[in-house]
Amino acid sequence: MSEDHEMMCGIEIHQQLDTRKLFCACESRLCDDGVGAYFRKLRPIAGEIETVDRAALAQAQKDTGFIYQCAPGATCLVDLDEEPPHGPDAEALETSLIFSELVNASVVDEIHFMRKIVVDGSNTSGYQRTALIASDGHIEVNGRRIGILSVCLEEDAARKVEDTGSLVTYRLDRLGIPLIEVATAPDMRTPEEVLEVAARLGTLLRATKRVKRGIGTIREDLNISIPGGARTEIKGAQELRLLPDYVRNEVNRQRMLLRIRDILSERGTGPAPLETADVTALFEDCGSKVIRSAVKDGGRVVAVRLPGFGGVLNGDDGALRLGAEMAQHARTKGVKGIFHSDELPGYGIGGEHVDRLRGFLGMTGDTDAFAICASDGKRAVDALTAAVNRANAALIGVPEETRDPLPDGTTRYSRPLPGAARMYPETDVMPIGITQERLESIRDELPELPEAVEKRLCAEHGINAQQARQLIRSGYDGLFVAIVAEHGMAAIAATTLLNTFSELEAEGEDPSAFTDTQLSGLFGMLKDDAFSKEAIPAILKEMTKGVDADQAVAALGLETVGDDEAAAVIAAIVDERADFVREKGMAAVGPLMGPVMGALRGRIDGKQANDLLVKEIRRLIG
Amino acid sequence: MTYSESILKLLSSISADTGDVLSVVSRGRSYRGTLMPHHDLSSPDVLIIKLGSGYNVGVRIYGDSTAEVVGKHAAEAVTEATAECVQGLPRVAVIGAGGTISSRMDRVTGTVRPMLSASAVAAAAPEVSRIACIEARSLFSLFSDSMDSGHWQELARAAAAAMDGGAEGIVILHGTDTMGYTAAALSFMLQGASCPVVLVGAQRSSDRPSSDAPSNLTAAVRFCVDGGRKGVFVVMHDTLGDDSFAVHLGTRVRKMHTSRRDAFRSSDSMPVAHIDADGRITYNDCMSEPAREPELKDAMEKRTLLLQAYPGMDPAVFEDAVMGSRGVVIAGFGMGHTGTAMIPLVKKACDAGITVVIASQCLGGTTDLTMYETGRALLQAGAVPAGDMLPETAYVKLMWALANHDGAEEVGRIMQTPLAGEMSDRRTADV
């Protein structure tokens, strides 16, 4: 892993706050159904500094229309961009100030909300409202000081529910939910450290007690570069455990691109010309399904020459993969993919067609390559132009870009890195002065730090430090304390919130979706001996269907049995095995516990079953 | 409000200008960024700096704070896009009057102001130049709350000049707050117009990606080119979507919402037409303008009042204003009533030759002063019923009638005669 030290990584975390929406009085919750369908277009505009943002332009070139759905209770005219924003939610603002103090950042004297241009439709206004709350902070993780560049308060974007390419449908329930965005300095040096820092920041965010929990409520962006490489932003990772994989894979990708640059430079490869040729006629009798179906739909086969790029598109046993990068760029123009010479013959395209194409393109050199695309004519030309531009960028090295995280720990090109020109003042929201007095009173009442919570949990509830740390890290410490205060049973509560919950997660359930009331109900019933603790996993599994504990218990037939009923069941088991019992005497208790628990599992606890069994055996053997 | 004395002194001591890159140290914290202009609602002792990240922050300046210029602002050549004229397409004159449709953020003041030229607004909607040859001209750059009858006259003259010059349509970029008034005024001033005169505005300024300006303007130009109608109209969003536009008659339209894109509604009549996303026009009526000689009659009587009746309205408060005017429109209750206390003042005014017109604050439906006692008393006092005219339209028409016709009796007759679709004897169930 020593090579991993040759990397720099910074994290940006976006955490949803559990308050009202940032600029209106709507509830901040997601809804299963969308209502209405409002069609809108967004246009790129020149920013404050008179330059049109390159990311905004790339988006606008797609010429997409948007449909917006409302959600009762969770959206209003502000979300639809039909009413000016209200002042920022006081509780959300307060939370951002508290968090700023927790990461030792300097809060600005006056907060100015800005418009960050986003024309992908995820904001009805065409911009995200965001303000810098504090800068220049730090946290300590495993003895290393990690700089905090900024703490921002901003609005979440609308949720995409459908995308047909030319028309994207968004639901507005998520739009406007307050987010704290915290950005670290590029101080992380190993993939593992990235995970540790992200976990620590998550814990500090939850310490404010005003953050949402559950899937989708916290998202991480990673900024990664290696010496000689370039800053790549991996945007919107949701699974903490995958962060080290994203980092490792990105470091390897940048190393690969530097290797390709060196190979191309040694060859003296120059930029490939941006000239496309219609080669549909050459592929008339081609067996490739992709090509045949594209041509049948009126599409064309278009080719480009890539002199000097052979062997790096896909070479060295798959270690060099510039072709894959080019294909990702091509796909942003709406095509399914491209074929390049390093992977041909193949995909139903035979050697004969390859030779014919090479001849047509006048390719003579050993390292000459080509790429083809079969699609709607204009789209194919646009896609190949993007692919050639990407190939030519490889001559310089690693391009700066934004990438999407994938569930397998790899990433995919999404768009150019946005420039700094995309912000201008939000004239609809007034500046907010923050006095030193206000900050001092916040400092006086800062929430308990995770270390202190850990000590308290151990001291007051008798759980071990490991369990306490895990409860805090998973965000269940508050819930744990609430359950124990009401019902006791600290050990069972800790095991449930840690082990049982992670088992549920492994089964694909989302235990964070349980409400506090649901869980309190569960432990209340357990305290009243309504079922035995062994039944908790089964009951929780049933509760993931959205029912309360009592309904789950009833559905599973787990109501505890009275002593009389249990005694009758056990007596029957003993009588059935009367010979065995007479032969073994009291030594039969052990072997018979199996059948007894089998018949009564979850409805009686082990000790009680044992007592009854002993009693019944005594009865039989006198 | 601007920066405080002490900040201005600090800035001048280091010769810092807006746009320069500064390094500021205040109470142990340091910021580096571009000096921004003062924000109206920012504290005067706070300096606004745009950081490299693009964020603006306010830095409070104390006696011991320091600042240093680390980079001078290089003036950028700001080139404004201009609309094209493709020869052979119908000629449409675009006249700029200001408003949100012409607004963008002013980097000097930090506020949103109507500072875009008519040509720049048209250039932001490239579709427009494919439909028509745009001849853009900026007449003034005002928010419509600052407009008065003098501006209506200038607009009417500019429109008449464009008509004389052979324009096949005229589009006026206008603020929405008083667009209904201007539309009504132009309707009376430009009776017999030889081409459509379409007022268009925006509820979201042109510096926003979500602005309704480009789509509204495109629909307005489409109606000029393909509408086949003459007269004065307002074209705005018909729904909250960017795919549905309403063409309202200039005398029947009113702003009915402070912020929605579909704020404009026709009163007591359907909109003249609907335009969809593809520019298809569907008419709601089969009305055609009777052929008339175009005539510019732009005189307006400024000594005209518009009052709203309210419970307990005290005539003593209004007596001097009413008696000092030449005409008054009262937006009355229901069928056209005021409190009985107002009736003697109405009579005194009418006896003095002042025209008193009674409209209804219901906005929908017609007045009827014969039905109840109060109405009859108002009629006997000499008041003129406005019928189903909107109070604002009645007010503008009264200004026009007083200036262009002589004698209270003749003015009263004109007020009850439809001139530009502003009133009707028929109201149907579907509006």
How long is chain A along each principal axis, judged by its Cα atoms, biggest number first, in Å?
103, 70, 54
With each label point set 7 Å from Cα along the Cα-Cβ vector, what nm distance links residue B:363 and residue A:464?
7.1
Pairs beyond 24 Å (Cα-Cα), from B:348/B:397; A:41/B:50; A:116/A:235:
A:41/B:50
Taking every pair of alpha-carbon atoms in the stretch B:64-175, what share in percent sits in each 10 Å bin, from 0 to the bin with the longest distance?
14, 36, 28, 12, 6, 3, 1
Please quote Rg/Rh for the stretch A:270-394 to two decimal places, taking the Kirkwood radius as Rh and restricting both calculations to Cα atoms.
0.92
Could you work out the Kirkwood radius for the stretch A:8-265, taking every pair of different alpha carbons, averaging 1/r and inverting it, reported in Å?
19.5
Taking the number of other C-beta atoms within 10 Å as the exposure measure, put A:112, A:138 in order starting with the fewest.
A:138, A:112
Mean separation of Cα contacts under 8 Å (6+ apart) over length of chain B, as relative contact order %
11
How far is it, in nm, from the label point at residue B:106 to the one at residue A:296 when both lie 7 Å from their Cα along the line to the Cβ?
6.4
Within the P(r) computed for the stretch A:452-514, what percentage of the Cα pairs occupies the region above 19 Å?
24
Please report the base-10 log of the normalised intensity I(q)/I(0) for the stretch A:467-622, using a Debye sum with one equal scatterer per alpha carbon and no solvent, at each q in 0.11, 0.21 (1/Å).
-0.52, -1.20
Give me the log10 of I(q) over I(0) for the stretch A:563-621 at q = 0.15, 0.19, 0.30 Å⁻¹, as the Debye formula computes it from C-alpha points; what are the numbers?
-0.34, -0.55, -1.41
I'd like the FRET efficiency for residue B:319 and residue A:25, computed as 1/(1 + (r/R0)^6) with the beta carbon distance as r and R0 of 51 Å, rounded to 0.05.
0.70
Residue order, fewest to most surrounding Cβ atoms within 10 angstrom, among A:454, A:437, B:410
A:437, B:410, A:454
Quick one: compute a quarter of the convex hull surface over the Cα atoms of the stretch A:52-189 and quote it in nm².
10.6
Once amide H atoms are built 1.01 Å from N in the peptide plane, which residues 5 or more positions from residue B:360, or in another chain, come under 5 Å H to H?
B:332
What do you get for Rg/Rh of chain B when both radii come from the Cα atoms and Rh is the Kirkwood radius?
1.08
Karplus couplings for the stretch A:165-177 from phi (6.51 cos²θ - 1.76 cosθ + 1.60, θ = phi - 60°), rounded to Hz, Gly and Pro as x?
x, 9, 9, 10, 9, 10, 9, 8, 4, 7, 4, x, 5
Once the Cβ-Cβ distance between residue B:66 and residue A:437 is put in as r, and R0 is 22 Å, what FRET efficiency do you end up with, to the nearest 0.05?
0.35
Which residues in the stretch A:480-504 have a backbone N closer than 16 Å to a point placed 7 Å from the Cα of residue A:544 along the Cα-to-Cβ line?
A:496-504
Take peptide A:127-137, look around each residue's Cβ out to 10 angstrom, count Cβ atoms belonging to other protein chains, and average those counts.
2
Taking amide H positions as placed 1.01 Å from N in the peptide plane, with prolines and chain starts having none, which residues 5 or more places from residue B:232, or on another chain, fall under 5 Å of its amide H?
B:197, B:250
Where the centroid of each part is defined by its Cα atoms, how far is the stretch A:562-622 from the stretch B:166-241 in Å?
90
Using θ = phi - 60° and the Karplus curve 6.51 cos²θ - 1.76 cosθ + 1.60, what whole-Hz ³J(HN,Hα) does each residue of the stretch A:14-30 get, with Gly and Pro shown as x?
10, 10, 6, 9, 9, 10, 5, 5, 5, 10, 7, 8, 5, 5, 9, 9, 8
Alpha carbon centroid spacing (whole Å) that separates the stretch B:244-258 from the stretch A:158-206:
43
Hey, what's the per residue convex hull volume over the C-alpha atoms of the stretch A:450-556, in cubic angstrom?
89
Of B:53, B:119, B:266, the one that fluctuates the most in a GNM where chain B has Cα springs shorter than 10 Å:
B:53
Shielding by partners - mean other protein chain Cβ count within 10 Å, residues of A:239-248:
0
Residue A:618 versus residue A:489, label points 7 Å from Cα toward the beta carbon: distance in nm?
2.9
Dipole magnitude of the stretch A:270-394, debye to nearest 20 (Cβ charges: Lys/Arg +1, Asp/Glu -1, about Cα centre)
520
What does a probe at residue A:607 reach in the stretch A:525-540, counting residues whose amide N is under 17 Å from the point 7 Å along Cα→Cβ?
A:526-535
Determine one quarter of the surface area of the Cα convex hull of the protein assembly as shown, which equals its mean projected area, and express it in nm² to one decimal.
60.5
Given H placed 1.01 Å from N in the peptide plane, which residues other than close sequence neighbours of residue B:424 have an amide H under 5 Å from its amide H?
B:388
Less than 15 Å from a label point 7 Å out along the Cα-to-Cβ axis of residue B:283: which backbone N atoms in the stretch B:231-262 qualify, by residue?
B:231-232, B:247-249
What order, most packed first, do the peptides B:82-88, B:297-303, B:267-273 have when packing is the mean number of other Cβ atoms within 10 Å of each residue?
B:267-273, B:297-303, B:82-88
Per-residue Cβ counts within 10 Å, from other chains only, averaged over B:31-38: what number is that?
1
Using Cβ counts within 10 Å as a stand-in for footprinting exposure, how do B:42, B:244 rank, fewest first?
B:244, B:42
Could you work out Rg/(2.2 N^0.38 Å) for the stretch B:213-273, with Rg from alpha carbons only?
1.04
Which whole-Hz ³J(HN,Hα) couplings does the stretch A:393-400 yield from phi under the Karplus relation 6.51 cos²θ - 1.76 cosθ + 1.60, θ = phi - 60°, glycine and proline marked x?
5, 5, 5, 8, x, 9, x, 5
Give the residue from B:218, B:193, B:365 lying farthest towards the positive end of the charge dipole for chain B; charges sit on Cβ (+1 for Lys and Arg, -1 for Asp and Glu) and the dipole is referred to the Cα centre.
B:218
Bridge type composition, chain B - antiparallel percent by DSSP, nearest 5
50
Residue A:452-residue A:517 FRET efficiency (beta carbon distance; Förster radius 35 Å; 0.05 resolution):
0.80
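Each value in this text was obtained by applying a stated rule to the coordinates, not by laboratory testing. Just so it is clear, the model here is predicted, and its values are computed rather than measured. Methodologically, a virtual Cβ is constructed for each residue, glycine included, from the backbone with ideal geometry; neighbour enumeration extends over all protein chains shown.
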